[in-house]
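Data first, discussion second: the structure below is written as structure tokens.
The values are calculated or read from the model by the stated rules, or taken from the named source; none is laboratory data. Being a predicted model, the structure only gives us computed values, none of them experimental. Cβ coordinates were reconstructed from backbone atoms using ideal geometry, including for glycine residues, and neighbour counts include every protein chain displayed.
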Amino acid sequence: MDAIRVRGARQLKGNIRVGGAKNAALPILCATLLSDGESLLRNVPGLRDIETTADLLRTLGRDLTVDIPEVRVKQTSRPVVPEAPYELVRQMRASVLVLGPLVARYGKAKVSLPGGCQIGARPVDQHLLGLEALGAKIAVEHGFIVAEAPRLRGAEVVFDMPTVTGTENLMMAAALAKGRTTLVNCAREPEVEELGRVLNKMGARVEGAGTSIIHIQGADELEPFDHAIIADRIEAGTFMAAVGAAGGDVLLEHAPLDDLEPVIVKLRRVGMEIEREGEHARVRRLGRLVATDVATSPHPGFPTDMQAQFMALMCVASGRSVVTETVFENRFMHVPELGRMGARIEAHNNIAIVEGVPRLSGASVMATDLRASASLVIAGLVADDETIVRRVYHLDRGYEAIEKKLAGAGADVTRIKLESEEA
């Protein structure tokens with residue numbers, strides 16, 4: 001089994017290219033179910049989640065050519081069976097994003113209840129209530145969501161809480177619904193806005209994507225598209241945190257600074273310099289980091305997907321910081337692993353109090369989810385001796401060759417093989 005070995009105490013210098021956004025690519029891949037013809041996605045990251053989605057779309061009657069950073073998707077002559085099996089959906093909870101397109105296009109869908117990282121309950125009830133409002137009949141049978149509707153009809157849907165995948169699922173469903181749909185209390189993430197751009201290219205009329213209220217005028221049919229995926233703001237933020245841990249001077253190529261403003265504000269406050277250079281960002285650490293508090297919240301707040309990486313920085317900052325997680329109830333699983341490296345953290349429910357130490361100590365640690373994996377790599381950059389991060393299949397779900405990108409900027413980070421009993 002793969003692991004990442006990090007030998008710390010090396011500054012980062014040079015260039016790191018930010019890849020395409022996984023959380024934008026996944027719903028856009030699912031949107032190809034809404035049309036025939038051939039769609040082309042460009043700037044697609046080479047990730048395990050992309051491979052899983054490609055396999056899922058193949059089972060749903062699509063022919064995919066995956067040649068990263070490009071993916072071509074077209075309809076095949078095979079009969080479409082609108083069923084997403086458990087074997088694929090359990091690997092990635094974003095697979096539930098095929099639900100809306102399938103019921104909108106084919107009048108029925110059978111999708112296994114989702115799996116993915118175990119960082120909280122993350123129910124899909126908002127997806128189902130929204131589809132019911134559009135006229136679908138919903139049942140949950142033997143672990144599957146079963147949805148049927150001859151044709152969806154536009155309606156007003158008010159989400160109880162902002163949900164990214166819920167908003168995206170309903171946007172795609174509404175794109176083929178008859179009439180106008182209004183979604184209220186929507187997720188405002190840049191990836192939602194990106195999906196709106198693609199649906200407009202396909203022939204739907206989407207207004208307000210990226211705001212709390214989205215209007216969608218459905219079309220009778222939609223067209224294939226050619227689209228380049230936006231840069232991954234969480235990958236860019238992760239590399240910023242890596243520079244903060246290791247020190248140095250890095251040019252982040254294609255860093256989406258506007259989408260990262262809540263993170264950049266905090267990083268500047270703790271002692272980092274982040275400046276725009278054309279389409280890129282110059283990232284430096286000015287001295288020892290200074291502790292500051294952070295609380296996660298839906299966009300445009302501080303993203304929960306950057307909480308673990310920021311906590312790794314606070315482990316070596318001067319002073320005490322308080323990290324509050326408000327989005328997911330089980331997202332401190334990296335705390336005990338950071339503790340193995342000498343971090344001083346006390347976690348109570350959704351609050352972690354971090355007392356900074358001058359350095360961490362290398363140790364063997366275990367990744368528990370995608371962003372926790374990244375936090376342990378970052379901690380390894382500022383640790384003495386050697387850190388081994390195990391179970392990095394989590395890491396591969398969201399970071400394309402992170403060890404190669406960091407090594408290219410001077411870090412001593414390599415992928416190694418462990419015997420299965422060691423992993």
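Residues are listed down the side, and each one gets a yes or a no for (1) modelled with pLDDT of 95 or more; (2) β-branched (V, I, T); (3) out of contact with any strand residue (DSSP E or B) (no Cβ under 6 Å at 6 or more places or on another chain); (4) surrounded by fewer than 22 Cβ atoms within 10 Å (Cβ to Cβ):
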position: T182; (1), (2), (3), (4): yes, yes, no, yes
position: R197; (1), (2), (3), (4): yes, no, yes, yes
position: G208; (1), (2), (3), (4): yes, no, no, yes
position: T211; (1), (2), (3), (4): yes, yes, yes, yes
position: D220; (1), (2), (3), (4): yes, no, yes, yes
position: E223; (1), (2), (3), (4): yes, no, no, yes
position: V263; (1), (2), (3), (4): yes, yes, yes, no
position: V270; (1), (2), (3), (4): yes, yes, no, no
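Candidates L134, L99: the one that is within 25 Å of the chain's Cα centre (by Cα), buried (at least 20 other Cβ atoms within 10 Å of the Cβ), at pLDDT 90 or above and closer than 24 Å to V198 by Cα is L99.
Screening R78 against (1) in a strand (DSSP E or B); (2) more than 30 Å from V365 (Cβ to Cβ); (3) not aliphatic (A, V, I, L, M) leaves a single unmet condition, (1).
Of the strands (runs of 3 or more DSSP E) that lie entirely inside region 315-408, those containing 1 or more residues that are closer than 21 Å to T304 by Cβ and small (G, A, S) span 320-324, 344-348, 351-355.
Only residues that are closer than 12 Å to L313 by Cα, touching a helix residue (DSSP H, G or I) at 6+ places or on another chain (Cβ under 7 Å) and of a type in the set (D, E, K, R) were counted in region 267-288, giving 1.
Residues that are under 21 Å from E400 (Cα atoms) and either out of contact with any Cys (no Cβ under 8 Å at 6 or more places or on another chain) or among the hydrophobic types (A, V, I, L, M, F, W, C) (or both) do occur in region 191-201, at least one of them. Exactly one residue among T296, T326 is in contact with a Ser or Thr (Cβ under 7 Å, 6 or more places away or on another chain), crowded, with 21+ Cβ neighbours inside 10 Å, closer than 30 Å to F159 by Cα and assigned by TED's automatic domain parsing to the domain that holds R391, and that residue is T296. State whether the residues of region 348-367 include one that is out of contact with any Asp or Glu (no Cβ under 9 Å at 6 or more places or on another chain) and either closer than 24 Å to R233 by Cα or among the basic types (K, R) (or both). No, the conditions are met nowhere in region 348-367.
Just one of the listed residues (S321, S375) is buried (at least 19 other Cβ atoms within 10 Å of the Cβ) and over 24 Å from the mean Cα position of the chain (by Cα), and it is S321.
Would you confirm whether or not region 282-293 contains a residue that is out of contact with any Leu (no Cβ under 6 Å at 6 or more places or on another chain), of a type in the set (S, T, Y) and not in a loop (DSSP other than H, G, I, E, B)? No. Can you find a residue in region 308-322 that is out of contact with any strand residue (DSSP E or B) (no Cβ under 8 Å at 6 or more places or on another chain), modelled with pLDDT under 95 and either under 18 Å from E235 (Cα atoms) or not acidic (D, E) (or both)? No, there is no match, as no residue in region 308-322 is out of contact with any strand residue (DSSP E or B) (no Cβ under 8 Å at 6 or more places or on another chain), modelled with pLDDT under 95 and either under 18 Å from E235 (Cα atoms) or not acidic (D, E) (or both). Here V294, V290, V263, V283 are screened, and the one residue that is closer than 27 Å to I345 by Cβ, in contact (Cβ under 8 Å) with a residue 12 or more places away in the chain and under 18 Å from the mean Cα position of the chain (by Cα) is V263.
Yes/no per residue for (1) over 24 Å from F328 (Cβ atoms); (2) among the β-branched types (V, I, T):
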{"site": "T32", "(1), (2)": "yes, yes"}
{"site": "R42", "(1), (2)": "yes, no"}
{"site": "T59", "(1), (2)": "yes, yes"}
{"site": "L88", "(1), (2)": "no, no"}
{"site": "V103", "(1), (2)": "yes, yes"}
